[in-house]
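> Got a structure for you, questions after.
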Amino acid sequence: MFNELIAPGQDPILALTVAFRADQRPDKVDLGIGVYRNSAGETPVMQAVRRAAMDLAETQPTKSYVGLAGDERFNQAMTDLLLAGTAGHARAAAVQTPGASGALRMLAELIATARPSATVWISRPSYVNHKPVMESAGLAVREYPYFNVDTKQVDEQAMLAQIAQLGPDDVLLLHGCCHNPTGGDISAASWQRITELALERGFLPFVDIAYQGFGDGLQEDAAGLRRLADAVPEMVIATSCSKNFGLYRERTGAAIVIGESAAAAAKAKAHIQRLARGTYTMPPDHGAAIVARILHDDELRQLWQDELTAMNERINQLRAELVQQFRAVAQSDRFDYFGQHRGMFSVTGLSAEQLARLKTDHGIYVVDGGRVNVAGLSEAAIPTVVKGFLAVGA
Ligand code: LMR
């Protein structure tokens with residue numbers, strides 16, 4: 001049966017991780033997969049997470065099944081974190097999912113169930129897994145212009161011109177904050193315009209927010225999403241605890257649906273539960289149980305927020321340091337974009353040939369397409385990165 005299979009293409013992010021691990025050079029630098037590292041190069045377990053996990057180990061009464069929607073205290077807390085105070089909050093329903101990829105897939109399947117003819121519009125470029133996940137659910141995928149690689153800025157005019165053409169059969173997939181891969185975020189004015197266009201044209205906003213708290217702060221990073229949730233009749237959200245709780249391997253995320261009414265959202269939730277039953281049945285409990293404990297406990301929640309703020313500040317300091325060292329060595333402000341972008345990533349515009357030389361000659365691993373994970377840098381590695389970039393003609 002399997003002899004006939006054609007070998008599948010590799011995921012560029014995960015393949016790079018494998019190549020980096022196999023590299024024996026001690027001064028190699030991993031700027032690939034989106035993982036936060038401290039100055040020692042470690043991805044530590046957050047204190048709030050460790051405390052909640054220890055508490056859980058001591059007090060959790062059973063490991064029996066939870067249910068198709070996962071932990072409802074988690075679902076409530078995630079919904080509140082994103083939507084409290086918006087008009088959409090009372091019409092929202094959430095399902096815990098295995099990571100945000102699980103949420104993306106469940107929401108894509110939901111859309112395919114409700115509107116098989118729908119086209120999902122993703123940014124050019126977008127997270128490498130957006131297109132495969134949407135297509136796996138049988139949805140058509142098209143791209144809207146997003147990033148100008150020469151200016152390293154979002155081309156908001158071109159983006160809005162395309163969005164203004166969308167209609168009721170279209171789904172607009174937006175990054176809530178900290179755009180992956182570019183690091184270029186949508187301005188408040190554009191979020192407002194997108195909201196008006198959604199109302200005028202009738203397309204469905206689909207917000208993927210995997211980095212809340214890694215840009216300008218927990219509330220600030222959800223401002224665009226909240227603007228939409230205040231105005232539109234329907235929208236869907238995929239959210240993740242991988243980065244802002246550091247729970248990467250626990251696969252903790254949620255799919256949230258805002259319906260025209262609370263009853264409509266509940267019906268959508270029932271469909272997601274049916275879809276989950278047909279795939280993984282129930283999401284893994286551990287990560288969501290930890291998050292629920294943190295978000296429902298004032299002291300743990302404060303500790304988590306403080307730790308998240310510290311990570312956020314460190315990323316922004318690394319960005320400032322990159323700008324400063326590039327300015328000093330290259331005598332140029334052409335790398336200032338590192339300071340303007342937000343979140344873990346920046347797109348550098350380096351060619352495939354430059355990326356290959358960075359890897360082979362300098363042991364610097366950057367994802368195809370030129371995405372750099374700034375949050376994976378250590379302060380000590382910045383001079384190596386600056387030197388390597390300039391040596392390949394960046
Ligand atoms: C990334 O973009 O590096 C992360 O979101 C990891 C992943 O799942 O691809």
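> For segment 66-82, name all the residues that are at positive phi and crowded, with 16+ Cβ neighbours inside 10 Å. Working first, answer last.
At the first step, the residues of segment 66-82 found to be at positive phi are 67, 70.
Selection gives G70 alone.
> While we're looking at this one, here's another question. Of everything in segment 220-231, what is under 19 Å from the mean Cα position of the chain (by Cα) and acidic (D, E)? Give them in sequence order.
E220, D221
> Restricting to segment 20-78, what's the tally of residues that are under 21 Å from the mean Cα position of the chain (by Cα) and charged (D, E, K, R)?
3
> So, in segment 375-394, how many residues would count as being aliphatic (A, V, I, L, M) and within 12 Å of the ligand (Cβ to nearest atom)?
At the first step, the residues of segment 375-394 found to be aliphatic (A, V, I, L, M) are 375, 377, 380-382, 385-386, 390-392, 394.
When the remaining residues are screened for being within 12 Å of the ligand (Cβ to nearest atom), the result is 375.
So the count comes out to 1.
Okay, residues lined up against (1) at pLDDT 95 or above; (2) under 27 Å from the mean Cα position of the chain (by Cα); (3) assigned to a helix (DSSP H, G or I); (4) among the aromatic types (F, W, Y):
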| site | (1), (2), (3), (4) |
| --- | --- |
| L355 | yes, yes, yes, no |
| T360 | yes, no, yes, no |
| Y365 | yes, yes, no, yes |
| G369 | no, yes, no, no |
| A375 | yes, yes, yes, no |
| P383 | yes, no, yes, no |
| V386 | yes, yes, yes, no |
| A394 | no, yes, no, no |
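> Additional query: Name the one entry in I272, I258 that is touching a Lys or Arg at 6+ places or on another chain (Cβ under 6 Å) and crowded, with 19+ Cβ neighbours inside 10 Å.
Working: I272 fails: touching a Lys or Arg at 6+ places or on another chain (Cβ under 6 Å).
Going through I272, I258 in turn, just one is touching a Lys or Arg at 6+ places or on another chain (Cβ under 6 Å) and crowded, with 19+ Cβ neighbours inside 10 Å: I258.
> Of all residues in segment 11-47 being within 16 Å of the ligand (Cβ to nearest atom) and among the β-branched types (V, I, T), which is surrounded by the fewest Cβ atoms within 10 Å (Cβ to Cβ)?
Pass one, segment 11-47, residues within 16 Å of the ligand (Cβ to nearest atom): 11-21, 29-37, 43.
Subset that is among the β-branched types (V, I, T): 13, 17-18, 29, 33, 35, 43.
Details: I13: 20, T17: 16, V18: 10, V29: 25, I33: 16, V35: 16, T43: 13.
Top of the filtered list is V18.
> Just to be sure before I move on: is L322 part of a loop (DSSP other than H, G, I, E, B) and surrounded by 18 or more Cβ atoms within 10 Å (Cβ to Cβ) in the structure I sent?
Details: part of a loop (DSSP other than H, G, I, E, B): no; surrounded by 18 or more Cβ atoms within 10 Å (Cβ to Cβ): yes.
Here the answer is no, as L322 does not meet what is asked.
The values are calculated or read from the model by the stated rules, or taken from the named source; none is laboratory data. What you see is a predicted model, and the numbers here were worked out from it, not measured in a lab. Positions of Cβ are generated from backbone atoms using ideal geometry, with glycine treated the same way; all protein chains shown enter the neighbour counts.
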